[in-house]
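Q: Handing you a structure now.
The values are calculated or read from the model by the stated rules, or taken from the named source; none is laboratory data. In this text the structure is predicted, and so the values were computed from the model without any measurement. Positions of Cβ are generated from backbone atoms using ideal geometry, with glycine treated the same way; all protein chains shown enter the neighbour counts.
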Amino acid sequence: MSRSLSMEAADRRFGWLMSAPGLALLLAVVLFPVFWALFTSVHEFTLIAPNFDTFTGVDNYVTAISDPAFRHSLWLTAFFVFAVVLIEFAIGFLVALMLNSVERFKPIYYGILLCPLLMNPVIVGLIWRMFLHPSLGIVNYLLTVIGFEPVNWLGSTKIAIWTIIMVDIWHQVSFMIVLLLAGLSALPREPYEAARVDGASVFQSFFYITLPLMMPVIIVTLLIRMIFAVKTYDLIYIMTRGGPGVATDLVSYAIYRTAFVSLNIGEASAMSAILLAFILLLTGYLYRYMRTLT
Amino acid sequence: MNRLAKKIVPHVILAIFSLVILMPLIWILRVSLTDKLTAYKIPPEIGTLGLMNYIGIFEQYPFVSWFTNSFIVATASTMIALPLATAMAYAFARLNTGGALLRLGVLASQMLPPIILVLPLFGVFLLVGLTQSRIALIVAHLTISLPFLSWMLVSFFEGDMARLEEAARVDGATRWQAFFYVAVPVAAPGILAAGLLGFILSWNEFLFVLVLSGPGTQTLPVGLASLETHAGVEIAPLAAATVVSLLPVFALLPFLRKHLIKGLSLGALK
């Protein structure tokens, strides 16, 4: 008894010993910056006089929240995240179901859809800017060929956010497909055979078998994609810099602007802390659902 | 009729979808092979095709330097993170070190938006005089690769492997020996694939490099982004640069295809 207890203690010690170097580095490069940001958010901190002499309490938070531009960026981000996640899910699930039902050409389709997934958002942004150029872009040329008016894709305050959403869908929809397909191909066969014997239609077996069985995979996939969509930065920097005006000013870009263009470090840190709270909330949900999956 | 439709409809949908994904990529390839003037022609002309843009980007822009910096930063941060993450993941998987709280912490670090970290890192590097250095970039990329790898590798140490190790322990191996000579070799293919994914994450990272790099330390994504402002919108060289920067990632694809789903789903799916 005492021997197995000492074994357990030795196991525990070994576990901490193994994780110590990694944990130390993680604390230094992730946790320390997070605390720095939180600390900065309650002080008056400027790049000219980088010190923590003046404690300001919630002032930076009040400034951030009462700033209409920041509130706008939060709402815009929420809208953007819901739009891309929902549309990517709808297209992604359809394509995943189709891929799951075919045998022939499947590796070709799969290989093609992997391409955008490995591309860097900077490159995606650059090539789509090229295609969507109002007068020199191929997209507007093709539109005029089939008899439509050319569209000012990135220059119009009404259209720009939808352009960003479309480009993001082109880039990221494969993420949904790959994960949903992995979930679909792991489903058991028996319920479908039983349903067919009972004369269920394709739609019935989708709504009563596929959907309920896929729920955990769907939730995890949507949550991961949501968190990554909240972080969207590169595409905005490359395609619009938040413009025209503030039409595409997603929260990551708004923080960047506040910190590195307006040089308002305190307010940017408060904005970061608010964003951090949202991300942690989503991560908490993700962690819970991931445990149900494995 | 109904059965035929059932066979054809999926292929129609998949073919349309594949075309939407593929057309922009083919177009980029075409633009990269045309001369600068033809690239702008609307309606498009095929013109003469050649490799002049591929040669041009190496002559006109510090492309080699971007490429080298990307390679150094991605390799160094992955090489530092991989052994540490392997040991940590092993402890999480097998010895449940730190329990649920620590695992949640690692997942949360991975989910942090870079914009939250970049400001403090910039402040710290400014204080110690390391802004614009490669070291700053490597440290910044550790904030991405270390949590990603630690989280991902946990699942590689779970499951049947425990029995092999127990056998080794019965034969008198120490805990360290069981880890180093049994667990690591068995998990090696997964560890390697995870390392490659970590490399790609760093290779594609933009924001940290944008803020923390200097004239000599820019990586490919930041270099490419500056290309556009450099010379107006020179789409032909830009297309060539795009193609070249995609090559390493696509070259790695066959090696990690088996583990791609695990990587994308953060270990939740196989």
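Q: How many residues does region B:70-99 hold that are at the interface with chain A (Cβ under 8 Å from one of its Cβ atoms) and over 17 Å from the mean Cα position of the chain (by Cα)?
A: Matching residues across region B:70-99 total 11.
Q: Would you be able to say whether some residue in region B:33-50 is farther than 28 Å from B:Val154 by Cβ, under 28 Å from the mean Cα position of the chain (by Cα) and of a type in the set (Phe, Trp, Tyr)? First the steps, then the outcome.
A: First pass over region B:33-50, keeping only residues farther than 28 Å from B:Val154 by Cβ: B:33-50.
Narrowing further to those that are under 28 Å from the mean Cα position of the chain (by Cα): B:33.
Cutting the leftovers down to of a type in the set (Phe, Trp, Tyr) gives us none.
Within region B:33-50 (the criterion being farther than 28 Å from B:Val154 by Cβ, under 28 Å from the mean Cα position of the chain (by Cα) and of a type in the set (Phe, Trp, Tyr)), the answer is no, since none of the residues qualifies.
Q: Sticking with this one: Test A:Leu99 against the criterion of being surrounded by 18 or more Cβ atoms within 10 Å (Cβ to Cβ) and of a type outside the set (Lys, Arg), and give yes or no. Let's see the steps before the verdict.
A: Values: surrounded by 18 or more Cβ atoms within 10 Å (Cβ to Cβ): yes; of a type outside the set (Lys, Arg): yes.
The answer is yes for A:Leu99.
Q: Which residue is nearest to B:Val118 (Cα to Cα), if the candidates are limited to region B:203-217 and must be more than 9 Å from chain A (Cβ to nearest Cβ) and in contact with a Leu (Cβ under 8 Å, 6 or more places away or on another chain)? Explain how you work it out, then say what you get.
A: First, the residues of region B:203-217 that are more than 9 Å from chain A (Cβ to nearest Cβ): B:208-209, B:212-217.
Those left that are additionally in contact with a Leu (Cβ under 8 Å, 6 or more places away or on another chain): B:208-209, B:212-213, B:217.
Working: B:Phe208: 6, B:Val209: 9, B:Leu212: 8, B:Ser213: 12, B:Thr217: 17 Å.
If we take residues in region B:203-217 being more than 9 Å from chain A (Cβ to nearest Cβ) and in contact with a Leu (Cβ under 8 Å, 6 or more places away or on another chain), then B:Phe208 is nearest to B:Val118 (Cα to Cα).
Q: Select the helices (runs of 4 or more DSSP H) contained entirely in region A:148-207, then report the ones holding at least 3 residues which are within 14 Å of chain B (Cβ to nearest Cβ).
A: Working: elements: A:160-185, A:190-197, A:202-205.
By residue number, A:160-185, A:202-205.
Q: Going through region A:180-194 one residue at a time, which ones are among the charged types (D, E, K, R) and surrounded by 15 or more Cβ atoms within 10 Å (Cβ to Cβ)?
A: Answer for region A:180-194, where residues must be among the charged types (D, E, K, R) and surrounded by 15 or more Cβ atoms within 10 Å (Cβ to Cβ): there is none.
Q: Which of the helices (runs of 4 or more DSSP H) found entirely inside region B:137-229 contain at least 2 residues meeting this: aromatic (Phe, Trp, Tyr)?
A: Fully inside region B:137-229 and qualifying: B:184-204.
Q: Between A:Asp53, A:Asp67, which is of a type in the set (D, E, K, R) and at pLDDT 85 or above?
A: Residue meeting the stated conditions: A:Asp67.
Q: Here is a check on your reading of the model: is B:Ile200 among the β-branched types (Val, Ile, Thr) and in contact with a Lys or Arg (Cβ under 8 Å, 6 or more places away or on another chain)?
A: In short, no.
Q: Now, a different point. In region B:119-136, what count of residues is obtained for those that are on the phi > 0 side of the Ramachandran plot and either modelled with pLDDT of 90 or more or among the basic types (Lys, Arg) (or both)?
A: 0
Q: Which of the following residues is more than 14 Å from A:Ala69 (Cα to Cα), at pLDDT 90 or above and surrounded by 16 or more Cβ atoms within 10 Å (Cβ to Cβ): A:Leu286, A:Leu280, A:Leu250?
A: Of A:Leu286, A:Leu280, A:Leu250, the one residue that is more than 14 Å from A:Ala69 (Cα to Cα), at pLDDT 90 or above and surrounded by 16 or more Cβ atoms within 10 Å (Cβ to Cβ) is A:Leu286.
Q: Oh, and also: Only one residue in B:Arg103, B:Arg30 is among the charged types (D, E, K, R) and at the interface with chain A (Cβ under 8 Å from one of its Cβ atoms). Which one?
A: Unique residue meeting the criteria: B:Arg103.
Q: Which numbered condition trips up B:Thr131, out of (1) facing another protein chain (nearest Cβ under 7 Å); (2) part of a loop (DSSP other than H, G, I, E, B)?
A: (1)
Q: Looking at B:Lys262, B:Lys270, which is the one that is within 10 Å of chain A (Cβ to nearest Cβ) and not in a helix (DSSP H, G or I)?
A: Every option except B:Lys270 fails the conditions.
Q: Among (1) facing chain A (nearest Cβ under 8 Å); (2) at positive phi, which single condition is B:Leu25 missing?
A: With respect to (1) facing chain A (nearest Cβ under 8 Å); (2) at positive phi, B:Leu25 is out only on (2).
Q: I would also like to ask the following. Listed residues A:Ala24, A:Ala9; which is in a helix (DSSP H, G or I) and within 22 Å of B:Val139 (Cβ to Cβ)?
A: The unique qualifying residue is A:Ala24.
Q: Something else now. Could you list, in sequence order, the residues of region A:203-217 that are out of contact with any Phe, Trp or Tyr (no Cβ under 8 Å at 6 or more places or on another chain) and surrounded by fewer than 21 Cβ atoms within 10 Å (Cβ to Cβ)?
A: Correct list: A:Phe203, A:Gln204, A:Phe206, A:Phe207, A:Tyr208, A:Thr210, A:Leu211, A:Pro212, A:Leu213, A:Met214, A:Met215.
Q: Then there is this: Would a scan of region B:83-96 turn up a residue that is assigned to a loop (DSSP other than H, G, I, E, B), in contact (Cβ under 8 Å) with a residue 24 or more places away in the chain and assigned by TED's automatic domain parsing to the domain that holds B:Gly198?
A: no
Q: Run down B:Ile80, B:Ile116 and say which single residue is within 20 Å of A:Asp234 (Cα to Cα), touching a Leu at 6+ places or on another chain (Cβ under 8 Å), assigned to a helix (DSSP H, G or I) and at pLDDT 90 or above.
A: Working: B:Ile80 fails: within 20 Å of A:Asp234 (Cα to Cα).
None of the other options fit; the residue is B:Ile116.
Q: Shifting gears a bit: Here is a list: A:Pro50, A:Pro33. Which entry is assigned to a loop (DSSP other than H, G, I, E, B), farther than 30 Å from A:Met214 by Cβ and either facing chain B (nearest Cβ under 10 Å) or in contact with an Asp or Glu (Cβ under 8 Å, 6 or more places away or on another chain) (or both)?
A: Checking each option against the conditions leaves just A:Pro50.
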